[in-house]
Amino acid sequence: MRRFIVSALGLCAASAWAQSSTVDSYVSTESPIAQAGVLANIGANGSKSSGALPGVVIASPSTTNPDYLYTWVRDSSLVFKELIDQYTAGGSSSLRTLIDEFVTAEANIQQVTNPSGTVSTGGLGEPKFMINETAFTGAWGRPQRDGPALRSTAIITYANWLIANGNTTYVTNTLWPIIKLDLDYVANNWNATTFDLWEEIDSSSFFTTAVQHRALRQGSALATAIGQTSVVSGYNTQAQNVLCFLQSYWNPSPGFMTANTGGGRSGIDANTVLTSIHTFDVNAGCDATTFQPCSDKALSNLKTYVDSFRTIYTVNSGIAANQAVATGRYPEDVYQGGNPWYLTTFAVAEQLYDALIVWKNQGSLTVTSTSLGFFQQFDTSLTIGTYASSTSTYSTLTTAIKSFADGFVAMGAKYTPSGGGLAEQYSRSDGTPVSAVDLTWSYASALTVFAARAGVTPASWGANGLTVSSSCLTNNGPTVSVEFNVDVTTVLGENIYLTGSVGALSNWDTSTAILMSSANYPVWSTTVNLPANTAIQYKYIQINNGAVTWESDPNNAFTTGASGAQTLNDTWR
Ligand code: NOJ
Ligand code: NOJ
């Protein structure tokens, strides 16, 4: 029987079939190991977390090079989001005890005065604490403003389930005060700079902005459900502002989300893939505004991200350009050797499995000019259009994408040591585990990718139907007059235009970009009024007879001042 199926499907499908069965067996052996790996790292009874108070998640039991025996708000919240998803989908009641302990631990941690401040002066942005719930006072990249957003999302998910199961009183009296502290912090601070999720760059960060947006939406819905109406309009207003700002990270050429507004890197980063999976909403279709996994922007971004690792890691050598590879945090990474990470490689697969779920639900998939490059990896002759599930194009693409996704899990599987332990990284040269052993987040990432592969989706969070106006970043508030000058040699017929991330810079739309003046050739100039105190990205483009040539990456970036005038003197790149 098996031989018959293989020969009937042909060689290529046979290798996809073999890979899929490899992944099937990895999923069945690794699932219990990953689940046990998570539980071992949660106090007070976890076997590898001695000294951690009840509900406290250690990042890893590693105490030297690196020392990860601390509790990070980000890691803990992402891990408990997965346990809450399990519990609310009918998981074991022992999880409920842990979840309640997590809530208590985080409520305590919120109140701990730390180097970022007190609970009311910024302390909620502190990224990590001692495992006995006291402050970590050493130097660190702080604040990290994704923590309160991720924590409130985890607890709100639990709260929604409790309400649906008749325990609104507990939500109102116990959970809401904890959630509200975090959401007020998000609403008040989303526009301030933050260290990114990798704790390295102090600027604005796509992942942070996106999870803040999600938290505010969920918070406003929960507040409405339990009658806490005084916060609703404030959270909604800020959510809309955050969603608008989220659009500004887009880098239209070659089509990816620039992870951080600062940092001086390419901007290509797993930050964005993690955003896509952790803000997935199965009811939001392939919406690009919220960067859903199957949106054209998220797929284009995924290709740019994956491709950035093809030539830099030895473990990827010899792998065909449309096959899965090992991926890490970002191509310029040097931390602990700058290796691929299990959780980032699994995230690629998870985004693709999420996309497959939505295409199946909607019975079609759409290829746009933005996502064409991603899809052409699987069919070079593909053209833009919508392909119904009854078409052979749909079957060809979805079969190939499932196999591509499995390839990323297989990559993690290949470099999982016997015994199944998941460290933080695996070596770029030979795939052996590197850095922190038994990383809780690595185990959680295995659990979430396995769930997505099995078609399991987390609860919806209200992403459906959200829109922003194309001019949303040109608010009616104070503006600054900014003079742009770029030194660029052109030939007759070529003109230089300016486009960028805000409405006043045409929101990256090349057809309405601003024509610059060549009065001081070779310097081209224009002056634009831009919103004050705003992080802005822009590029100069050259247009010749309708043909657009972009400046090379990364986007140019700057932040406008509070008032007055600014001048930018650039040279074409
Ligand atoms: C420790 C952080 O956890 C890690 O993300 C970072 O890369 C290194 N410090 C270097 O800054
Ligand atoms: C380093 C990672 O960059 C960061 O995201 C994480 O929170 C810590 N390690 C702890 O796992």
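The values are calculated or read from the model by the stated rules, or taken from the named source; none is laboratory data. If you're wondering where the values come from, they're calculated on a predicted model, not measured in any experiment. So basically every Cβ, Gly included, is an ideal-geometry build from the backbone, and we count neighbours across all protein chains shown. Heavy atoms of the whole protein, side chains included, go into the accessibility calculation; ligands, DNA and RNA do not. Shrake-Rupley method; radii C 1.70, N 1.55, O 1.52, S 1.80 Å.
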### Set Lys303/Lys360; Lys180/Lys402; Lys180/Lys360 screened for pairs whose C-alpha atoms are more than 29 Å apart
Lys180/Lys402; Lys180/Lys360
### Alpha carbon convex hull of the range 469-573, projected area averaged over orientations, nm²
6.4 nm²
### Task
Name the aspartates and glutamates eligible as straight-distance cross-link partners of Lys539: C-alpha to C-alpha under 12 Å, and not fewer than 8 places from it in the same chain.
Asp509, Glu551, Asp553, Asp570
### Message
In whole Hz and in residue order, list the ³J(HN,Hα) couplings for the range 235-241 that follow from phi through the Karplus curve 6.51 cos²θ - 1.76 cosθ + 1.60, θ = phi - 60°; x for Gly and Pro.
### Response
5, 5, 4, 5, 4, 5, 5
#### Entry: C-alpha center-to-center spacing [the range 41-118, the range 374-422] in angstrom
34 Å
### Query
Under the Karplus relation 6.51 cos²θ - 1.76 cosθ + 1.60, θ = phi - 60°, what is the ordered set of whole-Hz ³J(HN,Hα) values for the range 132-144, x standing for Gly and Pro?
9, 6, 9, 6, 8, 10, x, 4, 6, x, 9, x, 10
### Proportion of all alpha-carbon pairs of the range 43-267 beyond 34 Å (%)
13 percent
### Query
When the Karplus curve 6.51 cos²θ - 1.76 cosθ + 1.60 is applied with θ = phi - 60°, which whole-Hz ³J(HN,Hα) does each residue of the range 306-319 get, with x for Gly and Pro?
4, 5, 5, 9, 5, 9, 8, 9, 4, 4, 9, 5, x, 8
### Task
Once you have all Cα-Cα distances for the range 372-518, histogram them in 5 Å bins from zero and send the whole-percent values.
2, 6, 9, 9, 9, 10, 11, 12, 12, 11, 6, 2, 0, 0
### Query
When the Cα centres of the range 454-514 and the range 268-288 are compared, how far apart do they sit, in Å?
20 Å
### Message
Give me the percent of accessible area attributable to carbon and sulfur for the range 43-267, probe 1.4 angstrom.
### Response
50 percent
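When N is the residue count of the chain, what does its C-alpha Rg come to as a fraction of 2.2 N^0.38 Å?
0.97
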#### Entry: 5 angstrom amide H check on Gly561, placed H, neighbours 5+ away
Asn533
## Note on the structure
Of 40-51, 385-396, 343-354, ordering from highest average Cβ density within 10 Å down gives 343-354, 40-51, 385-396
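Per-residue ellipticity at 222 nm for the chain, helices alone: DSSP H runs ≥ 4 residues times -39500 (n - 2.57), over residue total, nearest 500 deg cm²/dmol?
-13000 deg cm²/dmol
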### Query
Check Ser364: other-chain or 5+ apart residues with amide H under 5 Å from its amide H, H built from backbone geometry?
Ser389
### Summary
Given backbone amide H placed at 1.01 Å from N, residues whose amide H is under 5 Å from that of Val482, ignoring those fewer than 5 places away on the same chain, are Val528, Asn529, Leu530, Gln566
### Query
How do 267-273, 239-245, 84-90 rank on mean C-beta neighbours within 10 Å, highest first?
267-273, 239-245, 84-90
### Message
Defining a contact as two alpha carbons under 8 Å apart and six or more residues distant in sequence, what relative contact order in percent does the chain show?
### Response
13 percent
#### Entry: Residues of the chain: accessible area per residue with a 1.4 Å probe, Å²
37 Å²
